[in-house]
Amino acid sequence: MRTRDSRCRPAIVAIGLLALAQAARGEEPAKPDVKKAARYLDDRAAEWFGFDGADRGEGVDKVSCLSCHTTVSYALGRPAARRLSGQKQPTDDENQVLANVRRRVEHWSQLDSPRFRLSYDFDDRKKVESWGTEAVLNLLVLADHDRRCDRKNPSETTRKALAILWKTQQKDGPEAGSWDWLNFGLRPWEAGEARFYGATLAAIALGTIPGESSATDDPATREGVERLRQYLSSHVEKQNLHNRLVALWAATELKGVLTDAQRRGVIDAVLGKQREDGGWSLSSLVDCRRQDGTPQETASDGYATGLALHVLQRAGLGRDEPTVAKGLQWLRTHQQPEGNWMGYSLNKKRDPETHVGRFMSDAATAMALLALEPH
């Protein structure tokens, strides 16, 4: 259920003057090249599938692991590109992501074996983190696919993924309601505080599953959802703004995740970080130092801008709101020649021409498309 914060402060009006002036002059807003963005994502998905470091398992059971930066972003963002361009059928790469996830869910009890392999299995701690992370990401991808297909009820594989989610949820202690999460000290998705991020993704997945029965008929689901709500609501205040922003996204999908005051607080904080050019910078949402000592990128980037605009629109701010209008204008005018939007690593200064250096741009492009897609 979406809420709308209709307050219009003078600062918000000021940053929207350019977009409003263009509209008053009857100028057409710049239009991104969605097909080029889609090709970029397709190429990057294919590159990930061919990346030996992503291989898990062997023979017919070999898959490429789910990565927040590339394949999860692809699974969420590529359908948005299809909708924007009028393309109906999923691509072969989209189908491959789904096939990989379905195979993992169907053989869940066998993942800790050479035949399948966990995401990371080099020590017992990483095995535990891998179980929790994959349980959440698998459900997120499957639930989003079910909704995009206009299913009235979840698929059988999605139901199995939901049961797995509750088996891996932490039931007791200060982290009750959350999931073990991969921690490599890499922000924003694989560091200590990313455990909260993983819980927000679980809430998004749960709110995305089609059909009311998925959240009401099953006692395990009712209990698990309540634990998750309590965890998110009680932990959100001490999170960085990136995590709080994703928690707001979760609150637009699953009722009771945040209080009204918490929602308003996140919206105000995010609006306060918008730059004069209309975009947002990821480094302004996550206060951290790079591991190599290089300064953080402070310019507006596609990931932070796309995420902020996608969530603000889901939270009820319309495209005619000056802050949203100017942000969308930034996205329309900052697509790169290759079709992507730029994203920057919080951890090291990366060469954007390398495979690893493109990870943040993969996520940025997917988020930009989600923000540009009609809400």
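Restricting to the range 35-63, and then to whatever is assigned to a helix (DSSP H, G or I) and touching a Phe, Trp or Tyr at 6+ places or on another chain (Cβ under 6 Å), can you tell me which residue is nearest to A363 (Cα to Cα)?
In the first step, residues of the range 35-63 are kept if they are assigned to a helix (DSSP H, G or I); the result is 35-49, 52-54, 59-61.
When the remaining residues are screened for being touching a Phe, Trp or Tyr at 6+ places or on another chain (Cβ under 6 Å), the result is 41, 45, 54, 61.
On the way: L41: 9, A45: 12, A54: 17, D61: 27 Å.
So the residue we want is L41.
Among the helices (runs of 4 or more DSSP H) contained in the range 256-375, which hold 1 or more residues that are surrounded by fewer than 23 Cβ atoms within 10 Å (Cβ to Cβ) and among the charged types (D, E, K, R)?
On the way: elements: 260-272, 282-285, 302-314, 322-333, 359-372.
Once the helices (runs of 4 or more DSSP H) in the range 256-375 are filtered for at least 1 residues that are surrounded by fewer than 23 Cβ atoms within 10 Å (Cβ to Cβ) and among the charged types (D, E, K, R), what remains is 260-272, 302-314, 322-333.
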Across the range 233-255, the tally of residues that are out of contact with any Leu (no Cβ under 7 Å at 6 or more places or on another chain) and more than 14 Å from A315 (Cα to Cα) stands at 6
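Determine which member of the set V257, V324 is under 20 Å from L201 (Cα atoms) and either modelled with pLDDT of 95 or more or not charged (D, E, K, R) (or both).
On the way: V324 fails: under 20 Å from L201 (Cα atoms).
Among V257, V324, only V257 is under 20 Å from L201 (Cα atoms) and either modelled with pLDDT of 95 or more or not charged (D, E, K, R) (or both).
Just checking, does the range 193-206 include any residue being polar (S, T, N, Q), in a loop (DSSP other than H, G, I, E, B) and closer than 23 Å to G265 by Cβ? Steps first, please.
Just the residues of the range 193-206 that are polar (S, T, N, Q), to begin with: 200.
Narrowing the set further to residues that are in a loop (DSSP other than H, G, I, E, B) leaves none.
The answer is no; no qualifying residue exists.
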Quick one: would you say L165 is under 20 Å from A194 (Cα atoms) and touching a residue at least 60 places away in the same chain (Cβ under 8 Å)? no
The conditions are (1) at pLDDT below 95; (2) in a helix (DSSP H, G or I), and G211 fails exactly one of them. Which is it? (2)
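Going by the structure shown, is D93 acidic (D, E), surrounded by fewer than 21 Cβ atoms within 10 Å (Cβ to Cβ) and in a loop (DSSP other than H, G, I, E, B)? Reasoning before the result, please.
Values: acidic (D, E): yes; surrounded by fewer than 21 Cβ atoms within 10 Å (Cβ to Cβ): yes; in a loop (DSSP other than H, G, I, E, B): no.
No.
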What pairs come out if I take residues in the range 131-159 that are surrounded by 24 or more Cβ atoms within 10 Å (Cβ to Cβ) and pair them with residues that are part of a loop (DSSP other than H, G, I, E, B) and among the small types (G, A, S) whose C-beta lies under 8 Å away, six or more apart or interchain? T133/S119; E134/S119; L142/S155
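Just to be sure, is S119 outside any helix (DSSP H, G or I), within 26 Å of E193 (Cβ to Cβ), in contact (Cβ under 8 Å) with a residue 12 or more places away in the chain and touching a Ser or Thr at 6+ places or on another chain (Cβ under 7 Å)? Explain how you work it out, then say what you get.
Working: outside any helix (DSSP H, G or I): yes; within 26 Å of E193 (Cβ to Cβ): yes; in contact (Cβ under 8 Å) with a residue 12 or more places away in the chain: yes; touching a Ser or Thr at 6+ places or on another chain (Cβ under 7 Å): yes.
Criteria met by S119.
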Under 6 Å between Cβ atoms, which residue pairs at least 6 apart in sequence (or on different chains) link something in the range 183-203 that is within 20 Å of S234 (Cα to Cα) with a partner that is among the basic types (K, R) and surrounded by fewer than 24 Cβ atoms within 10 Å (Cβ to Cβ)? none
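For (1) of a type in the set (D, E); (2) crowded, with 18+ Cβ neighbours inside 10 Å; (3) within 23 Å of D124 (Cβ to Cβ); (4) over 19 Å from the mean Cα position of the chain (by Cα), each residue gets a yes or a no:
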{"position": "L165", "(1), (2), (3), (4)": "no, yes, yes, no"}
{"position": "D172", "(1), (2), (3), (4)": "yes, no, yes, yes"}
{"position": "S178", "(1), (2), (3), (4)": "no, yes, yes, no"}
{"position": "N183", "(1), (2), (3), (4)": "no, no, yes, no"}
{"position": "R187", "(1), (2), (3), (4)": "no, yes, no, no"}
{"position": "A191", "(1), (2), (3), (4)": "no, yes, yes, no"}
{"position": "A194", "(1), (2), (3), (4)": "no, yes, yes, no"}
{"position": "T200", "(1), (2), (3), (4)": "no, yes, no, no"}
{"position": "A205", "(1), (2), (3), (4)": "no, yes, no, no"}
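Mind listing just one residue for me: the one in the range 251-264 that is of a type in the set (G, A, S) and touching a helix residue (DSSP H, G or I) at 6+ places or on another chain (Cβ under 8 Å) and, of those, farthest from E226 (Cα to Cα)?
A251
Might you let me know whether the range 225-232 holds any residue that is surrounded by fewer than 23 Cβ atoms within 10 Å (Cβ to Cβ), under 28 Å from G318 (Cβ atoms) and out of contact with any strand residue (DSSP E or B) (no Cβ under 7 Å at 6 or more places or on another chain)?
Narrowing the range 225-232 to residues surrounded by fewer than 23 Cβ atoms within 10 Å (Cβ to Cβ): 226-227, 229-230.
Still in the list and also under 28 Å from G318 (Cβ atoms): 229.
Those still in the list that are out of contact with any strand residue (DSSP E or B) (no Cβ under 7 Å at 6 or more places or on another chain) too: 229.
Within the range 225-232, one or more residues are surrounded by fewer than 23 Cβ atoms within 10 Å (Cβ to Cβ), under 28 Å from G318 (Cβ atoms) and out of contact with any strand residue (DSSP E or B) (no Cβ under 7 Å at 6 or more places or on another chain).
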Might you check whether a residue that is modelled with pLDDT of 95 or more, under 23 Å from L84 (Cβ atoms) and not in a helix (DSSP H, G or I) occurs anywhere in the range 11-29? no
Within the range 179-192, identify whether any single residue is out of contact with any strand residue (DSSP E or B) (no Cβ under 7 Å at 6 or more places or on another chain), more than 19 Å from L139 (Cα to Cα) and assigned to a helix (DSSP H, G or I), and answer yes or no. no
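Can you name the residue in the range 44-90 that is among the charged types (D, E, K, R), in contact with an Asp or Glu (Cβ under 7 Å, 6 or more places away or on another chain) and surrounded by fewer than 19 Cβ atoms within 10 Å (Cβ to Cβ) and, of all such residues, is farthest from V136 (Cα to Cα)? Break it down into steps so the answer makes sense when it comes.
First, pick out the residues of the range 44-90 that are among the charged types (D, E, K, R): 44, 47, 52, 55-56, 58, 61-62, 78, 82-83, 88.
Going one step further and asking which of them are in contact with an Asp or Glu (Cβ under 7 Å, 6 or more places away or on another chain), we end up with 44, 62, 78, 83.
Checking which are surrounded by fewer than 19 Cβ atoms within 10 Å (Cβ to Cβ) leaves us with 62, 83.
Details: K62: 20, R83: 25 Å.
Once the filter is applied, the top-ranked residue is R83.
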A careful count of residues in the range 96-116 that are in a helix (DSSP H, G or I), surrounded by 14 or more Cβ atoms within 10 Å (Cβ to Cβ) and in contact (Cβ under 8 Å) with a residue 40 or more places away in the chain gives 9
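The values are calculated or read from the model by the stated rules, or taken from the named source; none is laboratory data. Source: prediction; values computed, not measured. Don't worry about glycine lacking a Cβ; one is built from the backbone with ideal geometry, like all the others, and counts go over all protein chains shown.
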